[in-house]
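A quick write-up on the structure given underneath.
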Amino acid sequence: MRIAPAVTVRPPKARAVEVACAPDARADALGTGAASFARVLGGSIGKPAMRAELERLERDGALAADPQPGMFVYRAVHAGTRWMGLVCRVDTRDLVTLLPNAANDAEIAVAHGDLTEVGAQLAPALVQVEASEDVGYLMVCDTNERPGYHFVAADGSTHSAWQVHKPEAYATAFAELDAEEIRAGGGQVMAAHREGSMPLVILTSDGASAATGPLAPRSGLFVMRHPHP
């Protein structure tokens, strides 16, 4: 599998907890803060309004672009269960055999609208990959450092992320692995494939039931502008 670093748009460390939201959050939910990424996800507000909200969060400093491409180790913990994954871009040619059943036409159309009208992939896809001792070792090394993000969400789940020090080492390790399943975000992957671009994904070898409910990756922590710089 071919992977690469990404230039992401993400919140400063101190603002992560107010920006991050559950992937099914809606802008009209009670208690939605002014910096919440739920205002971008938007429910039925339409693509132009979603783009305007994304740009507003950037102007207000709730989101900022990375100065250079990077990868991140993401970990979520809740009620004694945890999962970990690598945030990066992936070559869709290595996922093409999984794509036919990964999304329906409506999901692909929504994701395509995000890319072309909102101008961003709003959330990483989640892809199950083979387990690897080499990848596990690299993650242990990176997570021994102080995390870039570490916060408790309103549902009691704890979310942490560490910047990867040696992206090239992960690229080498993942070159020996295959993807097994697109667990979420198939529309984003297919839309990117049709655009000829590399989508933002989280690659994980942890159990298929792990990254759901309170453990689902928070939206707003990692957003990728389209086209990617």
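Throughout, read-outs are computed from the coordinates displayed, never taken from laboratory work. Just so we're clear, the structure is a prediction, and the values are computed from it rather than from any experiment. Reconstructed Cβ throughout: ideal geometry from the backbone, glycine too, with neighbour counts over all protein chains shown.
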Tabulated pairs, the range 116-133, first part of a strand (DSSP E or B), second of a type in the set (D, E, K, R), C-beta under 6 angstrom, 6+ apart or interchain
Ala120/Arg225; Leu126/Arg183; Gln128/Glu180; Gln128/Glu181; Gln128/Arg183
Please list, ordered by first then second residue, the pairs with beta carbon atoms under 9 Å, 6 or more apart or interchain, first in the range 212-223 and closer than 15 Å to Ala184 by Cα, second in a loop (DSSP other than H, G, I, E, B) and among the aromatic types (Phe, Trp, Tyr).
Arg218/Phe37; Ser219/Phe37
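Output the residues belonging to the range 39-82 that are in a helix (DSSP H, G or I), in contact with an Asp or Glu (Cβ under 9 Å, 6 or more places away or on another chain) and among the basic types (Lys, Arg). Write out each step before concluding.
Filtering the range 39-82 for residues in a helix (DSSP H, G or I) gives 39-41, 47-59.
Right, trim to in contact with an Asp or Glu (Cβ under 9 Å, 6 or more places away or on another chain) and you get 39-41, 47-48, 50-51.
Scanning the range 39-82 gives Arg39, Lys47, Arg51.
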Cβ pairs under 9 Å, 6+ apart or interchain, first in the range 164-183 and part of a helix (DSSP H, G or I), second of a type in the set (Lys, Arg), ordered by first then second residue, are Ala171/Arg2; Phe174/Arg2
Test for Gln128: is it of a type in the set (S, T, N, Q) and in contact with a helix residue (DSSP H, G or I) (Cβ under 8 Å, 6 or more places away or on another chain)
no
Selected residue (criterion: surrounded by the fewest Cβ atoms within 10 Å (Cβ to Cβ)) from residues of the range 134-159 that are touching a Lys or Arg at 6+ places or on another chain (Cβ under 9 Å), of a type in the set (S, T, N, Q) and not in a helix (DSSP H, G or I)
Thr158
Within the range 51-63, identify whether any single residue is closer than 23 Å to Leu215 by Cα, loosely packed, with under 15 Cβ neighbours inside 10 Å and out of contact with any Phe, Trp or Tyr (no Cβ under 6 Å at 6 or more places or on another chain), and answer yes or no.
no
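Yes/no matrix, rows are residues, columns are (1) touching a Pro at 6+ places or on another chain (Cβ under 6 Å); (2) surrounded by fewer than 15 Cβ atoms within 10 Å (Cβ to Cβ); (3) touching a residue at least 40 places away in the same chain (Cβ under 8 Å); (4) more than 20 Å from Tyr149 (Cα to Cα):
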position: Ile3; (1), (2), (3), (4): no, no, yes, yes
position: Ala14; (1), (2), (3), (4): no, yes, no, no
position: Ala35; (1), (2), (3), (4): no, no, no, no
position: Ser44; (1), (2), (3), (4): no, yes, no, yes
position: Pro69; (1), (2), (3), (4): yes, no, yes, no
position: Trp83; (1), (2), (3), (4): no, no, yes, no
position: Ala111; (1), (2), (3), (4): no, no, yes, yes
Which residues, counting only those in the range 85-109, are closer than 16 Å to Val201 by Cβ and free of Cβ contacts under 8 Å to residues at least 12 places away in the same chain?
Thr97
If you take the residues in the range 203-229 that are touching a Cys at 6+ places or on another chain (Cβ under 8 Å) and not in a loop (DSSP other than H, G, I, E, B), which one is nearest to Arg82 (Cα to Cα)?
Leu203
